[in-house]
Amino acid sequence: MRSHVKIAVIGGGVVGCSVLYHLTKLGCKDVVLLERDELTSGSSWHAAGGIHTHNSDVNMSKLQKYTIEIYKELEEISEQKCSVHLTGGIMVADSKERFDFLKLAVDLGKSSGIERDLISMDEAKKLFPLIEDTSHFYGAMYEKHDGHLDPSGVTNAYAKAARIQGAEIYRKTCVKEIIPQSQGGFNLVTDQGTIYAEQVVNAGGLWAREVGRMVGIELPLLAMEHHYIITDTIPLIEKMEEEIIHCVDFGAEIYMRQEHNGLLLGTYEKQATPWSTHQTPWDFGHELLNPNLDRIEPSLRLAFERYPAIGEVGIKRVINGPFTFAPDGNPLLGPVRGVPGFWSACAVMAGFSQGGGVGLALANWMLEGDPGLDVFAMDVSRFGEYATLPYTNAKVKENYSKRFSITYPTEELPAARNIRRTALYDRQKSNNAVFTVAHGLEQVKYYALSAKDSVEEHTFRRSESFDIVAKEVKNTRENVGLFDISGFAKYEVKGPGAAEWLDTIMANNLPKTHRLVLSPMLNYNGNIIGDLTIAKLKKDHFMLFGSGPCEEFHMRWFEQHLPKNGVEVRSLFSAFNGLSISGPHAHALLSACTYENIAKDVFSFLDIKPLIVGNIPTLTARVSFTGELGYEIWVKPEYLLSLYEQLTQAGKEFGLQSFGLYALNSMRIEKSFGSYLREYKPDYNPIEAGLGRFVSKKKDHYIGAEATRENRAKKQEKKLCTLLIHDAPYEAHPYMPLTDQDNALLGFVTSSGYGHYVNKSLAMGYVSSDHVQVGNKVKIHMMMERYDAEIIKNSPFDPQAERMRQTQ
């Protein structure tokens, strides 16, 4: 065994072998893989082997498509058969709501370049003749990329191809200890000796938690028991000349594919069962778990009813094996904050659909400094310290049990809720607040008119909150609204080198003392990794404000780029809470609560300063995401409830009412205000995103400066636009296609919402630059219906921004 290596990959399942292969494909030969037993030990060897491209995240769909397409390349390089059967597949829906879900999937496919088609149940029956009675179903979707493969063959193909390209693989080499070194890198103590690695990839699969614990971290993942059965020969299948296609039945919560002349049938049962909730046994390998058919009996009963030919034959084999999930079902990928050089590539529950894309993204990230596209949906940094072991176990169980159920955008999942709350939670709840959760924190969506209206309808269309939100918007626009901004991310930056450091990681010029500026933060490719507000409180002391869910993501970036001394950065997410007041009476309300001079020409737009509000010390900024004259009032957590009480008491005179996230979204879209992770993300640069005015032309030393200069000098392929949707019965979902009259793709939606004050259905999205002109028409897809839309000028409400800038 070698004594020194640039990169060591721990884990010889499909994900570890894919990472190894992609590192060598990108030219890194100084890489080894350490496997405690044999390749595929753990989860890979007993996987059902299904492959598909469907995913609600467009970028993950693209990576899944890449995964499927790379198998041919692997076979050519390794001369190892992957036994890929691209049979195609159908998804069947047994209700109108599930059929809506399939319509969305078809439209998402168009945005990501993946062809999918809705088909009738008669067509579905021809493709999957085990369907006898079509009356069970509402409709179906067909996709040609579905299929299955040989899990062992694929894993070994990755391994062989990686070895051919220069990697080394050490089997029967168990990592016992990982010791970070003062000069950087790690000593990996194994039962075969010690190897020093500059960087380490945790692809430990079932043992990923244990590998993480070796460097002092607790990764949020849990293994679940998963059943599938293999039937005896089914005469109907035996007589078929071609292999039967895949089928997913959402209502029965099953997936099916051909296995010899029988069927492989798997289920994600409601009675989800975790495995080894605290510690995975190191001596577990090529074993299976005891089957429990009683647990999956409800799904089997539905399968036998809907596909009678299955129930007429025996069960040849029952497989029950563990595999890992993160709380939301997506992988945990990327550099681990606080442990430089330690990378995560685990919780990839759909390893044979996603493993290739995961390997590609991680290899790009490690060698090029960037994964190549926005992968926040599977970035390990999307979880914070709230994702404890009990939280993870509860959420994974919930996610598993809903794997083949539909989660609606209006639906709130109950597991592991009310963990992270502000002091206002009980007051908000007593006012009939309807909550959602973001980055573990309970946040208000809207305030129901009564307790009985506080459960929102599950739908892909407009819910009963529509009229309630309209009232919240109207009051804010005409009187004054109050919004809890505690869910924003807050960071403190201070030290003698603070200004110089911020000047290199922020694309805009820094503000003067007691002022704010908006600034994109860019990666080395010039793409947007942050949309932040910078406040200068005094010399060498700054605060940054940004998107709450990106707290860990941004802290990791900050810490990766900090100088050795002179700058201190810390998150204030839980150390600073706040309330925003906005609307035409906001200034009058704040004036009534303070003895200090806050005249509009004295306390101007984008000012920030310490201010006594009522009897409470605050840091108050004159800024608002609603487009109204407004103030963000920041306090320590122990003052939040008192601040709320004093503002609401004084606000009675001015018509103060609270509003939630739904109303905020409506108002920000009326103003064409983009939002991070929607309009602004690493897939876009600031020029195409319309943020060029917030990028300095006076400095050239910030990260991404060279790429930005190039982007300014050339025509962009797409641009962010605001769109007016005509005659729409509801609003569009993210990534819905925008097409021309001939159905050619022009772009896609990033956000949408009803502009309640302008009384228009609006969307924001990226459109091909050749088509970007005010008044140009597009077709917007909404569950496979096409509606007329047109590109309009930004800011349908108060386009000159007079209301939020007013000085009189």
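Out of all the residues in region 567-593, which are in a helix (DSSP H, G or I) and under 11 Å from Tyr631 (Cβ atoms)? If you could, list the steps in order and put the result at the bottom.
Taking region 567-593 as the starting set, the residues that turn out to be in a helix (DSSP H, G or I) are 586-592.
Ala586, His587, Leu589, Leu590, Ser591, listed by residue number.
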Within the group Gly16, Gly27, Gly50, Gly11, which residue is in contact with a Leu (Cβ under 8 Å, 6 or more places away or on another chain) and farther than 14 Å from Ala159 by Cβ? Gly27
Is there a residue in region 38-49 that is on the phi > 0 side of the Ramachandran plot, at pLDDT 95 or above and not hydrophobic (A, V, I, L, M, F, W, C)? no
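List the strands (runs of 3 or more DSSP E) inside region 107-189, counting only whole elements, that have at least 3 residues being open to solvent by 20 Å² or more (accessible area, probe 1.4 Å). Explain how you work it out, then say what you get.
Numbers: elements: 116-119, 139-143, 168-170, 175-180.
Fully inside region 107-189 and qualifying: 116-119, 168-170, 175-180.
Return the only residue of Lys512, Lys564 being touching a residue at least 12 places away in the same chain (Cβ under 8 Å) and either surrounded by 16 or more Cβ atoms within 10 Å (Cβ to Cβ) or not in a helix (DSSP H, G or I) (or both).
Result: Lys512 is the single residue among Lys512, Lys564 that is touching a residue at least 12 places away in the same chain (Cβ under 8 Å) and either surrounded by 16 or more Cβ atoms within 10 Å (Cβ to Cβ) or not in a helix (DSSP H, G or I) (or both).
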From the residues in region 214-240 that are open to solvent by less than 20 Å² (accessible area, probe 1.4 Å) and assigned to a loop (DSSP other than H, G, I, E, B), which one is farthest from Ile10 (Cα to Cα)? Ile234
Looking at Glu312, Glu368, which is the one that is over 21 Å from the mean Cα position of the chain (by Cα), open to solvent by 30 Å² or more (accessible area, probe 1.4 Å) and closer than 26 Å to Glu73 by Cα? Glu368
Which one of these is in a loop (DSSP other than H, G, I, E, B), touching a helix residue (DSSP H, G or I) at 6+ places or on another chain (Cβ under 8 Å), open to solvent by less than 20 Å² (accessible area, probe 1.4 Å) and more than 26 Å from Thr53 (Cβ to Cβ): Gly329, Gly338, Gly384? Gly384
Does region 773-788 hold any residues that are on the phi < 0 side of the Ramachandran plot and open to solvent by 50 Å² or more (accessible area, probe 1.4 Å), and which are they? Gln773, Val774, Lys777, Glu785, Arg786, Asp788
Determine if region 636-644 includes at least one residue that is at negative phi, at pLDDT 95 or above, buried (at least 22 other Cβ atoms within 10 Å of the Cβ) and touching a helix residue (DSSP H, G or I) at 6+ places or on another chain (Cβ under 6 Å). no
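Suppose we filter region 594-615 for residues that are under 26 Å from Asp798 (Cα atoms), open to solvent by 20 Å² or more (accessible area, probe 1.4 Å) and either touching a residue at least 24 places away in the same chain (Cβ under 8 Å) or in a strand (DSSP E or B) (or both); how many remain? Quick ask: steps written out before the conclusion?
Initial filter on region 594-615 (under 26 Å from Asp798 (Cα atoms)): 598-608.
Filter again for open to solvent by 20 Å² or more (accessible area, probe 1.4 Å), leaving 599-602, 604-607.
If we keep only those that are either touching a residue at least 24 places away in the same chain (Cβ under 8 Å) or in a strand (DSSP E or B) (or both) as well, we get 600-601, 604-607.
Counting residues in region 594-615 that are under 26 Å from Asp798 (Cα atoms), open to solvent by 20 Å² or more (accessible area, probe 1.4 Å) and either touching a residue at least 24 places away in the same chain (Cβ under 8 Å) or in a strand (DSSP E or B) (or both) gives 6.
The values are calculated or read from the model by the stated rules, or taken from the named source; none is laboratory data. Here the structure is a predicted model, which means the values were calculated and not measured. Note that each Cβ is placed from the backbone with ideal geometry, even for glycine, and that neighbours are counted across all protein chains shown. Ligands, DNA and RNA are stripped out before the accessible areas are found, and what is left, the full protein with its side chains, is counted by its heavy atoms. Shrake-Rupley method; radii C 1.70, N 1.55, O 1.52, S 1.80 Å.
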